[in-house]
1. Given the condition open to solvent by 70 Å² or more (accessible area, probe 1.4 Å) and touching a residue at least 60 places away in the same chain (Cβ under 8 Å), answer yes or no: does some residue in the range 82-100 qualify?
2. Checking the condition in contact (Cβ under 8 Å) with a residue 24 or more places away in the chain, aromatic (F, W, Y) and in a helix (DSSP H, G or I), which residue from F51, F61 passes?
3. Pairs under 8 Å by beta carbon, first residue closer than 18 Å to P154 by Cβ and at pLDDT 75 or above in the range 164-182, partner among the charged types (D, E, K, R) and not in a helix (DSSP H, G or I), six or more apart or different chains?
4. Looking at (1) modelled with pLDDT of 90 or more; (2) of a type outside the set (S, T, N, Q); (3) farther than 25 Å from F122 by Cβ, can you tell me which one H49 breaks?
5. I need a count of the residues in the range 113-128 that are surrounded by fewer than 21 Cβ atoms within 10 Å (Cβ to Cβ) and part of a helix (DSSP H, G or I).
6. Basic (K, R) and in a helix (DSSP H, G or I), is that true of R136?
7. With the requirement that a residue be charged (D, E, K, R) and either part of a helix (DSSP H, G or I) or at pLDDT 90 or above (or both), what does the range 15-46 give you?
8. Could you grab me the full set of residues in the range 51-81 that are open to solvent by 20 Å² or more (accessible area, probe 1.4 Å), closer than 23 Å to F25 by Cβ and of a type in the set (A, V, I, L, M, F, W, C)?
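The values are calculated or read from the model by the stated rules, or taken from the named source; none is laboratory data. Please read these numbers as outputs of a predicted model, since none were measured by experiment. Neighbour counts run over all protein chains shown; Cβ positions are idealised from the backbone, glycine included. Please note that ligands, DNA and RNA were not included when accessible areas were found on the heavy atoms of the full protein model with its side chains. Shrake-Rupley method; radii C 1.70, N 1.55, O 1.52, S 1.80 Å.
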Amino acid sequence: MAPQEDDNIFRPKDAINSGVSGALFSGGAGLLIASLRTSMKKNNVGSMHVFTHGGGTIISFAFAGGVYRFAQQASANLRQKEDAWNHAIGAFLGGSVMGLRSLRFPVILGFGALTGAAVGIFAFTGGSLSGHKRDRNVDEFERKEAMRLNRRRPVEETLAEVGEGRGIYPPGYEERRRQRLLEKYGVEVKPVSVNPNVASA
């Protein structure tokens with residue numbers, strides 16, 4: 001059997017390829033936003049209006065996405081570590097690009113700090129809106145059985161807290177009930193079987 005590779009070993013990533021794909025993806029999102037803004041115009045405009053008046057939005061989105069992905073992968077390659085700081089650094093630079101249109105330094109830093117903090121916290125807390133990702137190498141049945149064994153309590157402990165009766169009838173319940181009735185009320189209850197053959201015997 002071949003030895004398993006260590007998952008902790010860092011493998012360098014192609015930052016340029018990631019930057020180009022990020023720019024294309026976010027540029028498409030910018031094109032969608034510019035198209036929506038154009039479609040909500042009250043007057044009739046041509047099809048090129050998306051690019052003539054929404055070109056700044058498309059370019060800003062494309063540059064922001066490209067810078068984010070490139071900076072994230074470059075930071076991971078330089079630090080040789082994959083963690084939330086890479087996402088925060090990339091988001092800071094990408095958010096700063098979004099703030100460049102204002103040409104004001106406080107706005108640029110504010111956009112960068114806001115996006116960097118938001119994306120960094122999101123990546124630090126798992127990077128998923130659907131919760132913790134389960135290990136695909138672990139069988140679901142075995143995982144649930146391990147959870148049951150880990151959280152299963154002894155019957156004696158449950159009975160001590162909940163008590164007997166009300167649908168909970170452990171072995172020897174009838175004898176203990178008759179003894180309690182005899183001690184408390186002085187009434188002796190004779191056992192009755194539901195089986196007619198036993199009762200008639």
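1. There is at least one residue in the range 82-100 that is open to solvent by 70 Å² or more (accessible area, probe 1.4 Å) and touching a residue at least 60 places away in the same chain (Cβ under 8 Å).
2. Exactly one residue qualifies, and that residue is F61.
3. Within 8 Å, the pairs are Y173/E164.
4. The single condition H49 does not satisfy is (1).
5. The number of residues fulfilling the criteria is 9.
6. no
7. Start the filter on the range 15-46 by keeping residues that are charged (D, E, K, R), which leaves 37, 41-42.
Result: R37, single match.
8. Passing the criteria: F51, I58, I59, F61, A62, F63, V67, F70, A74.
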